[in-house]
Amino acid sequence: MRTASHQSRPALNGQPWRSPSRWLPGFLSFVVTLGLFAVMGSARLYAWGPGAHRLVSNWAVSTTPPAMRPFFEANRTFIVDHANDPDDWIKKDPYERYRHFIYLDKYGLFPYIELPYSYKEAVAKYGGRRLTHNGILPWRIGEYSLRLTNDFKAQKWDDVKLDAAVLASYVADAHDPLSTTENYDGQLTEQQGLSVRWGTSLIDRYTNFFMFRAAEAGKVDDPTAYGFSMVLEANTWVDRILWADWLSRGGLSDYTDEYYDRFYTAIGPTAMQEVNAAAHDAGSYWYTAWLNAGQPALPSH
């Protein structure tokens, strides 16, 4: 901070006087920076809420095959407790937010055949900056699948537990339809706040009505390609969620209990289906990583 040129000015509380023209630009820059990080830290605009993530992780444990079940059952509480870790990382790493979504509608029309599944090919076609800005969720899933595989190979069981929880969190995000669209919060259709109504409030209000029906985990042939299949499937529900939200608000002055009852009746089965699918797929990614690591014997705790 430059003060030498102001030494001849009167002091205020023992500090040299500074012209506003000197400090105002820096102050405004500081305010803008704070605002930018506040926006970047708003993870809930892009993903299921904490309750949905915990539900997915809890149910995923129950999809694991017998050879893996004792280890995951013993660590169920740990995995559920860390289900929201990637959302917390956003507070320290502003780029983490881009790993929780993908704006598929930035790449043309469904099924977005112009977007390569290969990250290198996608970067070559669109540029790394544009690709990152539009979200990199499927590639993040592929990356963490490999990471978990390496954990199993090295028999680093503490890392296995933590990375399994993190991978399940990203897989859950891939099953949130609003994580696949630029209109993630209904802001483009005058339905602001939709992300919280859908991904947090709806789940938290009606969790006791959700039934676990996920099938036993299976092998994933290509983790990244399957990541794209998850977001593509979830993307097909976007219009239905928008329409259900619009209809449910009809004739009401606010998002009341009646609104949520209507919203759950209209779209609750879809939320339940996606949570079940996310649990199945999270367990399948765990199973696949274990298979690809050579099926090492797992500890009982």
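Just so it is clear, none of the values below were taken in a lab; they were calculated from the coordinates. Keep in mind that what you see is a predicted model, and the values were worked out from it rather than measured. With ideal geometry, Cβ positions are generated from the backbone for all residues, glycine too; neighbour counts draw on all protein chains shown.
Maximal additional length on extending the Ala74-Asp204 stretch stands at 44.2 nm, based on 0.36 nm per residue less the C-alpha distance. Ranking Ile141, Leu162, Ser118 by how far each Cα lies toward the positive end of the dipole of segment 113-190 (charges on Cβ) leaves Ser118 at the top. Could you work out the relative contact order of segment 17-292, using alpha carbon pairs under 8 angstrom and six or more residues apart, expressed as a whole percent? For segment 17-292, the relative contact order is 29 percent. Evaluating kT/(6 pi eta Rh) at 4 °C and 1.567 mPa s, with the Kirkwood radius of segment 17-292 over Cα pairs in the Stokes-Einstein relation, gives 66 µm² s⁻¹. If you stretched the chain out fully between Ala67 and Tyr119, how much longer would it get, using 0.36 nm times the residue separation minus the C-alpha to C-alpha distance? Taking Ala67 through Tyr119 to full extension adds about 15.4 nm, to one decimal.
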